[in-house]
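Working notes, beginning with the structure itself.
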Amino acid sequence: MKRTLLVAVCSFGLLGGMTSGVVQAADDIKTQQVQFKKGESGAIIKGTIQGHETLDYTLTANKGQSMAVTLTGKSSTYFNILPPGSTGEAIFIGSSEGNSFQANLPAKGTYTIRVYQMGAAESSKAKHAFKLEVSIID
């Protein structure tokens with residue numbers, strides 16, 4: 001009985017790690033700093049993503065500022081928001097919460113918008129176009 005329970009717990013832990021670590025498991029994460037034009041509080045980022053690729057877009061913001069992010073593109077392309085100092089724990093998970101995020105930020109620091117794919121698109125070699133609209137407002 002104890003051995004069966006231990007095997008079940010270990011199996012669940014491994015499967016759980018695979019499910020929640022899909023994005024973190026990527027071998028190659030490409031990182032780009034988000035730049036706003038002088039006097040503007042937002043930017044539009046157009047890009048493409050392919051297969052298991054993970055794209056990180058970073059920007060610095062202050063506690064209490066409002067961040068808004070909207071993703072348009074193929075339905076299997078998602079984004080997460082990682083707070084400053086995160087090792088993968090997200091404050092927003094697009095695959096379950098949708099293609100739009102807006103909230104007052106809980107801390108000062110560098111936030112990461114992590115773009116990734118799931119399902120058949122993740123296994124595909126096809127490139128999928130996407131557009132991220134990002135803004136930070138005081």
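Overview of results
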item: Matching residues in segment 34-58 - criterion: being without any contact (Cβ under 8 Å) to a residue 24 or more places away in the chain and either within 26 Å of Ser124 (Cα to Cα) or of a type outside the set (D, E, K, R) (or both); result: Gln35, Gly39
item: In segment 60-96, the residues that are under 24 Å from Ala121 (Cα atoms), touching a residue at least 40 places away in the same chain (Cβ under 8 Å), among the small types (Gly, Ala, Ser) and not in a loop (DSSP other than H, G, I, E, B); result: Gly73
item: Qualifying residue in segment 16-29 (condition: open to solvent by 30 Å² or more (accessible area, probe 1.4 Å), closer than 20 Å to Leu132 by Cβ and at pLDDT 95 or above); result: no
item: Residue satisfying all of: in segment 53-75; touching a strand residue (DSSP E or B) at 6+ places or on another chain (Cβ under 6 Å), open to solvent by 20 Å² or more (accessible area, probe 1.4 Å) and within 14 Å of Gln117 (Cβ to Cβ); modelled with the lowest pLDDT among these; result: Lys74
item: Residue in segment 85-99 that is open to solvent by 20 Å² or more (accessible area, probe 1.4 Å) and over 13 Å from the mean Cα position of the chain (by Cα) present; result: yes
item: Qualifying residue in segment 105-124 (condition: crowded, with 16+ Cβ neighbours inside 10 Å and part of a loop (DSSP other than H, G, I, E, B)); result: yes
item: Looking only at segment 41-52, and only at residues there that are among the β-branched types (Val, Ile, Thr) and under 14 Å from Glu133 (Cα atoms), the one that is least open to solvent (accessible area, probe 1.4 Å); result: Ile45
item: The one condition in (1) among the basic types (Lys, Arg); (2) closer than 13 Å to Arg114 by Cβ; (3) loosely packed, with under 13 Cβ neighbours inside 10 Å that Lys38 fails to fulfil; result: (2)
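The values are calculated or read from the model by the stated rules, or taken from the named source; none is laboratory data. Remember, predicted model here, so these are calculated numbers, not experimental data. All Cβ positions, glycine included, derive from the backbone under ideal geometry; neighbour counts span all protein chains shown. Ligands, DNA and RNA are excluded from the accessible area calculation, which covers all protein heavy atoms including side chains. Shrake-Rupley method; radii C 1.70, N 1.55, O 1.52, S 1.80 Å.
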